[in-house]
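First up is the structure itself, then whatever we jot down about it.
The values are calculated or read from the model by the stated rules, or taken from the named source; none is laboratory data. Source: prediction; values computed, not measured. When we count neighbours, we look across all protein chains shown, and the Cβ atoms used for this are built from the backbone with ideal geometry, even at glycine.
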Amino acid sequence: MIENFDLTMVNWARAQFALTAMYHWLFVPLTLGLSWLVAFYHTIYVKTGSEEWKRLTKFWMKLFGVNFAIGVATGIIMEFEFGTNWSNYSWMVGDIFGAPLAIEGIIAFFLEATFFAVMFFGWNRVSKKFHLFSTWMVAVGSNMSAVWILVANAWMQYPVGQAFNPDTARFEMQNFFEVAFSPYAVSKFTHTTSSSMLVAALFILSISSWFLLRGRHVIMAKRSIVVASVFGLVASIFVVFNGDESAYQIAEVQPMKLAAFEGLWDGENSAGLVALGIVNRDKRVDNEEEPFEFEFRIPGLLSLMANRSFGSFVPGIKDLVYGNEEYNIVGAAQKMERGKVAISNLDAYKQALKSGDQATADIHLATFNEHKEFLGYGFLEKPEDTVPPVALSFNAFHIMVALGSLFPLVFFAYLYFSLKGTLENKKLLLGGGTVLYILGLVASQAGWVVAEVGRQPWAIQGLLPVTVARTNLTTGTVQTTFYMFLILFTLLLLAEISIMAKQVSIGPEED
Amino acid sequence: MEQIIVKQPSLPIRIYRFYLDGFRQMTLGKTLWKIIFIKLLIIFGVLKLFFFPDFLATNFTTDKDRADYVIDQITQSVQVTNTLEKGDQL
């Protein structure tokens with residue numbers, strides 16, 4: 001059935017969405033994280049009354065403003081894409097996301113418009129306390145504006161609290177709290193915002209390291225580093241534990257994603273975590289190729305991560321595709337059969353309603369409801385279609401984990417040498433530190449690749465594959481806008497780099 | 001002795017002046033606002049208007065029509081199979 005769809009259009013639409021989302025995500029983590037750091041710096045200034053802390057706060061606030069101004073509204077483009085390229089999906093989830101996203105946008109706009117102005121214009125013009133309050137509200141507002149979009153993303157990976165209405169063709173919300181506070185949504189929000197704090201702390205370390213290497217604004221750089229190191233250390237440790245919790249949830253609700261990002265083709269007891277490895281790109285679920293060119297595994301660690309038990313069984317890709325009776329794992333083929341029954345009965349239900357045969361419609365509706373849990377599988381052509389791109393998922397996951405493990409050590413080193421008073425002499429650390437922000441962005445982007453590529457082929461896990469979520473458009477239409485976005489976003493990125501570099505070069509202004 | 005009473009402007013006027021003075025004193029901010037306006041113009045005035053119509057809103061007038069279209073889209077694979085089966089019987 002999947003062969004009826006234009007895969008080329010789907011892939012271009014996916015590429016376009018990935019392009020816009022990844023460019024958008026170059027700006028967002030810095031906005032989310034830097035807003036908190038600016039609030040901390042501002043608080044220290046208000047507490048101490050020190051002019052040096054004021055200069056420092058104004059400097060980072062200015063860079064926050066540059067990033068915010070360039071990045072603002074880049075996310076709106078994704079909403080355009082939903083309506084144009086992904087109209088089936090948009091229609092089907094509109095009841096769940098439409099109103100909350102709109103309300104969130106309006107609240108965020110007014111919150112930010114009010115307090116942003118006070119934060120930037122308020123120096124010596126409003127009371128110190130109200131000014132500080134505004135800075136904190138900008139941080140709260142910026143981070144709150146990320147809530148519902150992350151809840152929406154979490155719902156797509158773990159669609160709870162909904163029921164499909166065959167009359168409206170919509171997934172309708174049955175329980176708001178189940179959607180908003182699902183463990184997956186809470187974990188997604190905390191992991192994303194805490195990792196953004198980490199990225200912002202790395203941004204400050206990078207620029208401050210550069211200042212120290214040049215011998216410029218030394219006091220400001222040192223003070224910035226101390227606060228950013230503490231902030232970053234706490235955030236990075238939280239990210240590690242929170243990431244582990246995310247993996248535990250993924251093992252439960254998206255076992256195929258876990259198997260893909262560990263390159264685990266055959267399920268194992270005491271499954272090892274690959275610490276280092278190169279994936280064999282020719283490996284497929286239906287061939288006997290070796291999965292890795294080479295790999296080094298830590299025994300039992302994947303089982304511990306997935307099930308909180310060293311000796312437990314972790315299903316591999318083959319178990320999930322073909323089933324495994326011993327461990328009670330239902331294969332994709334069986335789910336596809338039930339999915340096809342669901343689709344057939346949905347169609348028959350609509351036909352019966354059209355012809356006014358309510359009794360027959362009720363019978364088909366009852367059968368549809370029995371099998372609707374597997375609706376999405378009915379659109380797949382073969383069980384092997386349930387396998388996401390393994391090499392990309394594996395590489396992205398391991399890049400994210402490697403960098404995520406490095407960052408706490410880096411923050412600790414910066415803090416240790418700062419407190420010891422020898423940071424200025426550590427030229428190697430400072431030299432490496434200038435690229436930390438780029439590494440933070442790489443880790444952050446890799447995290448989204450893991451989340452989004454690892455869940456393919458699903459737009460909504462188990463219910464709607466991307467091939468059915470799309471609009472029936474020609475490939476050329478999507479290609480044209482893909483290149484337009486590429487140009488627009490590249491120009492914005494160049495503007496960001498250019499303005500940011502100039503402001504860093506100027507440094508903090510004297511009052 | 002004559003007492004001079006300075007009347008404070010009303011709250012809306014103070015807020016208006018706060019924003020006005022803030023915008024007047026901007027330096028880097030002016031460049032950033034230019035970028036924001038150009039960007040919004042491109043996004044809403046060009047991309048949204050000419051390249052990103054809302055497919056269902058543009059092509060259908062009622063929610064029922066939209067729902068029927070989407071159901072038709074997601075069940076089309078079954079319809080193709082049914083048509084082929086009927087063709088076989090003929």
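Scanning segment A:158-186 for residues that are buried (at least 19 other Cβ atoms within 10 Å of the Cβ) and hydrophobic (A, V, I, L, M, F, W, C), which turns out farthest from the other protein chains (Cβ to nearest Cβ)? Here the residue is A:Ala185. Does A:Ala333 satisfy being modelled with pLDDT of 95 or more, in a helix (DSSP H, G or I) and closer than 30 Å to A:Gly277 by Cβ? Judged against the criteria, A:Ala333 is a match. Among the residues of segment A:465-478, is any in contact (Cβ under 8 Å) with a residue 40 or more places away in the chain, closer than 20 Å to A:Ile225 by Cβ and in a helix (DSSP H, G or I)? Within segment A:465-478, none of the residues are in contact (Cβ under 8 Å) with a residue 40 or more places away in the chain, closer than 20 Å to A:Ile225 by Cβ and in a helix (DSSP H, G or I). Only one residue in A:Arg308, A:Arg223, A:Arg281 is basic (Lys, Arg) and at pLDDT below 95. Which one? Testing whether each residue is basic (Lys, Arg) and at pLDDT below 95 leaves just A:Arg281.
Hey, can you tell me all the residues within segment B:30-41 that are more than 18 Å from A:Phe115 (Cα to Cα) and either more than 7 Å from chain A (Cβ to nearest Cβ) or not hydrophobic (A, V, I, L, M, F, W, C) (or both)? Passing the criteria: B:Lys30, B:Thr31, B:Lys34, B:Phe37, B:Ile38, B:Lys39, B:Leu41. When each of A:Ser229, A:Ser236, A:Ser246 is tested for being crowded, with 23+ Cβ neighbours inside 10 Å, in contact (Cβ under 8 Å) with a residue 40 or more places away in the chain and under 17 Å from the mean Cα position of the chain (by Cα), the lone residue that passes is A:Ser236. Being more than 10 Å from every other protein chain (Cβ to nearest Cβ) and assigned to a helix (DSSP H, G or I) is the filter here, so list the residues in segment A:490-511 that pass it. Correct list: A:Thr490, A:Leu493, A:Leu494, A:Ile497, A:Ser498, A:Met500, A:Ala501, A:Val504, A:Ser505. In summary, helices (runs of 4 or more DSSP H) completely within segment B:1-73 and bearing 2 or more residues that are aromatic (Phe, Trp, Tyr) occur at B:11-24, B:28-40.
Scanning segment A:147-157 turns up no residue that is within 14 Å of chain B (Cβ to nearest Cβ), in a helix (DSSP H, G or I) and at pLDDT 90 or above.
Quick check on my filter: what residues within segment B:25-35 are at pLDDT 90 or above and of a type outside the set (A, V, I, L, M, F, W, C)?
Residues of segment B:25-35 at pLDDT 90 or above: B:28-35.
Scanning segment B:25-35 gives B:Gly29, B:Lys30, B:Thr31, B:Lys34.
State yes or no: is A:Lys372 modelled with pLDDT of 95 or more, within 14 Å of chain B (Cβ to nearest Cβ) and crowded, with 16+ Cβ neighbours inside 10 Å? So A:Lys372 fits the description; yes.
From the list B:Asp72, B:Asp65, exactly one residue is at pLDDT 90 or above, more than 8 Å from chain A (Cβ to nearest Cβ) and exposed (fewer than 13 other Cβ atoms within 10 Å of the Cβ). Which is it? Please lay out each step first, then the result.
Values: B:Asp72 fails: exposed (fewer than 13 other Cβ atoms within 10 Å of the Cβ).
None of the other options fit; the residue is B:Asp65.
Residues that are loosely packed, with under 13 Cβ neighbours inside 10 Å and touching a helix residue (DSSP H, G or I) at 6+ places or on another chain (Cβ under 8 Å) were ranked within segment B:1-18; the one that is modelled with the highest pLDDT is B:Pro9.
Restricting segment B:42-62 to residues that are within 7 Å of another protein chain (Cβ to nearest Cβ) and of a type in the set (Phe, Trp, Tyr) leaves a set whose member that is nearest to A:Ala169 (Cα to Cα) is B:Phe55.
Residues in segment B:1-29 that are charged (D, E, K, R) and within 11 Å of chain A (Cβ to nearest Cβ): B:Arg14, B:Arg17, B:Asp21, B:Arg24.
Looking at A:Glu178, A:Glu172, just one residue is closer than 30 Å to A:Tyr349 by Cα, of a type in the set (D, E, K, R) and free of Cβ contacts under 8 Å to residues at least 40 places away in the same chain, and that residue is A:Glu178.
What residue, of A:Thr467, A:Thr471, A:Thr475, is under 30 Å from A:Ala391 (Cβ atoms), away from chain B (no Cβ under 14 Å) and at pLDDT below 95?
Values: A:Thr467 fails: away from chain B (no Cβ under 14 Å); A:Thr471 fails: away from chain B (no Cβ under 14 Å).
Among A:Thr467, A:Thr471, A:Thr475, only A:Thr475 is under 30 Å from A:Ala391 (Cβ atoms), away from chain B (no Cβ under 14 Å) and at pLDDT below 95.
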